[in-house]
Every structure is written in C-alpha cells, then in structure tokens.
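Reviewing the structure listed below.
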Amino acid sequence: GAVVSQHPSRVICKSGTSVKIECRSLDFQATTMFWYRQFPKQSLMLMATSNEGSKATYEQGVEKDKFLINHASLTLSTLTVTSAHPEDSSFYICSATTGWSSNQPQHFGDGTRLSIL
Amino acid sequence: QKEVEQDPGPLSVPEGAIVSLNCTYSNSAFQYFMWYRQYSRKGPELLMYTYSSGNKEDGRFTAQVDKSSKYISLFIRDSQPSDSATYLCAMSAKPTDSWGKLQFGAGTQVVVTP
C-alpha cells in the first residue's frame, strides 16, 4: 500500500518552457502533499507543502510564481515550473501522507529529473 | 550548524556484515524518526518509522532512538549487495499529516561488496 506515482520521470526541454509534474497517490487519499528538490549527492530540500483545496505553503527562498503548485483533489498534486531556466535543472520529488490519523509517515514518488537546455 | 548531521560516506562493507548508520540532531523537539532508502535516480523508500525513544526491529533492520543523546541509528544485519543505496535519516517535531516538516540528513551512501 501507500504508493505514490510521479510523472514524467524525465524531462528535457528548452529554456523558457514551462514544465508540469504530476504527483498521484494511487491507493490512498492524500490530504497533504510535499514537493522537494534534490541536487546531486545532497539531501532533499522541502520546497512547499500543499493541502487539498487550499493554497500551498512555500518554504523561505522558494518563488511562488516560479513554482506553481495545485492540489485540486485528494489524489493529485501538480508542480509547474514556469519559464524554466538551466538553474532549475534538478531532481524534483513529491511525497504524500494519508492524513487519516496521526503518526503517518510520508511516502515518496520516484522523482522527476528535469534538465533545461 | 545543520539540524540533522549524517556522515555522507561512502560506507563499504562485505556481504553478510552488519551495516551501522547513524544521525545526530540538535532540535530536542523532534519526536518522529524515519529511515529512508534511496536508490540512484529513485525516490526515497520508507524503511523504518519510530516515535520517541526506543528500539524497533523489522526483519534485518533495527532502528534505535536515543533522545537523551539526540542520536538515532539504523542497523542492517546480513547485508546484501541489493542493500547498496543511500540511506537517509529524517525527523519531525510533529506528525507529517499535521504539517510536520521532515528534516533530512545528507544521506549515507552504502556499498555492499559481494
């Protein structure tokens, strides 16, 4: 159980393009989803937290207008990197938690490797 | 100083040996402790999840939490080449479904040689 699917797994696109990444909880309802960014050989850095039906909460230093997050349903959250530039190239990972009760850990997707040329 | 410290390794062990991993932390509010395994180009996979102090065992994996020392450990018995991965410790002051943010360690790269 607790499977999180992330799509696409790999994106290569030109500078200036906007890229949308989807995160789905396949077998549970995720009231809360998290978006992380990971650079090579570094740990995960939380970008934002999103609750279904409300605006995302962004971490300090993360541009809201650059990284648009939508959590329209209990099983889907999307991250859109707008007007992407080479410095946005990174590994983006989402996670989800059930929210049914306390003490539930986060379950992660397999990540999206974004390369901006 | 980082809130969570973890030696990045690499840690190389022969097959069958015990792998010993640990993290230290500075925030005494942390109560929820997790270990994740991450293979190259994949997302982290939850291995162990513990609340407060104590030990927890699951198959070949044992997690220990010592809140008085702000120190957590993960032991992998009878290690296999398939255990070669990066192991991340993570911790939170609140349950993550209550907006509890995870603080991750840098991850320790483990290599189990046949």
Worksheet item: In Å², nearest 100, what accessible area do chains B and A bury in total when the solvent probe is 1.4 Å?
Response: 2000
Item to complete: Starting from the Cα of A:Asp65, step 7 Å along the direction of its Cβ; do the same at B:Ser68; then give the gap between the two resulting points in nm.
Response: 5.4
Discussion item. If DNA, RNA and ligands are ignored and the probe is 1.4 Å, what is the ranking of A:Val11, B:Val111 by accessible area, most exposed first?
Written reply: B:Val111, A:Val11
Item to complete: Take every Cα pair under 8 Å in region B:22-114 that's 6+ residues apart, average their separations, divide by the length, and report that relative contact order as a whole percent.
Response: 30
Discussion item. On a straight-distance basis, which lysines could pair with A:Lys55 in a cross-link, Cα separation under 28 angstrom, same-chain partners fewer than 8 positions away excluded?
Written reply: A:Lys20, A:Lys64, A:Lys66, B:Lys42, B:Lys94, B:Lys101
Worksheet entry | Share of carbon and sulfur in the accessible heavy-atom surface of chain A [1.4 Å probe, %] | 51
Worksheet item: Counting pairs of Cα atoms in region B:1-111, how many percent are more than 20 Å apart?
Response: 36
Response to the item:
Scoring only Lys, Arg, Asp and Glu (+1, +1, -1, -1) among other residues with Cβ under 15 Å from the Cβ of B:Asp78 yields -2
Worksheet item: Roughly speaking, what is the stretch gain from B:Ala17 to B:Ala29, that is 0.36 nm per residue apart minus the C-alpha to C-alpha distance, in nm to one decimal?
Response: 0.9 nm
Item to complete: Distance between Cα centroids, region B:31-89 to region A:57-117: provide it in whole Å.
Response: 24
Item to complete: Could you tell me which trypsin sites (Lys or Arg not before Pro) in region A:6-108 are loop residues by DSSP with no more than 16 other beta carbons within 10 angstrom of their beta carbon?
Response: A:Lys14, A:Lys41, A:Lys55, A:Lys64, A:Lys66
Worksheet item: So which residue, out of A:Phe28, A:Phe39, A:Phe67, gets the largest mean-square fluctuation from a GNM of chain A using Cα contacts under 10 Å as springs?
Response: A:Phe39
Item to complete: Project the alpha carbons of region A:38-89 onto their principal axes and report the range along each, largest first, in whole Å.
Response: 32, 25, 20
Worksheet entry | Spatial extent of the protein assembly as shown: Rg and Dmax, with the Cα atoms as the point set, Å | 17.6, 51
Discussion item. Could you tell me the center-to-center distance, by alpha carbons, between region B:1-28 and region A:1-22 in angstrom?
Written reply: 31
Worksheet, complete the sentence: Of the residues B:Val13, B:Tyr32, B:Ser73, the Cα lying farthest along the dipole of region B:1-83 towards its positive end, which is defined by charges on the beta carbon of Lys, Arg, Asp and Glu, belongs to B:Tyr32
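Work through the residues other than A:Pro40 whose Cβ is under 11 Å from its Cβ and net out their charges, Lys, Arg +1 and Asp, Glu -1. Don't skip to the end; give the middle numbers.
Values: positive: A:Lys41, A:Arg113, B:Arg41; negative: none.
Spelling it out: positives minus negatives among the neighbours equals +3.
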Worksheet item: Modelled label-to-label distance, A:Glu87 and A:Glu22, 7 Å Cα→beta-carbon offset: nm?
Response: 3.1
Practice prompt. Kindly provide the chymotrypsin sites (Phe, Trp or Tyr not before Pro) of region B:7-44 that DSSP labels as loop, not H, G, I, E or B, and whose Cβ sees at most 10 other Cβ atoms within 10 Å.
Written response: none
Worksheet entry | Inter-site label distance for B:Asp7 and B:Ser82 at 7 Å from Cα along Cβ, in nm | 2.7
Worksheet item: Once you measure Cβ to Cβ distances between cysteines in chain A, which Cys have no partner under 4.7 Å?
Response: A:Cys13
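The values are calculated or read from the model by the stated rules, or taken from the named source; none is laboratory data. Note that this is a predicted model, so its numbers are computed, not measured. Here Cβ is always computed from backbone atoms with ideal geometry, including for glycine, and neighbour counts include all displayed protein chains. Only protein heavy atoms, including side chains, enter the accessible area calculation; ligands, DNA and RNA are left aside. Shrake-Rupley method; radii C 1.70, N 1.55, O 1.52, S 1.80 Å.
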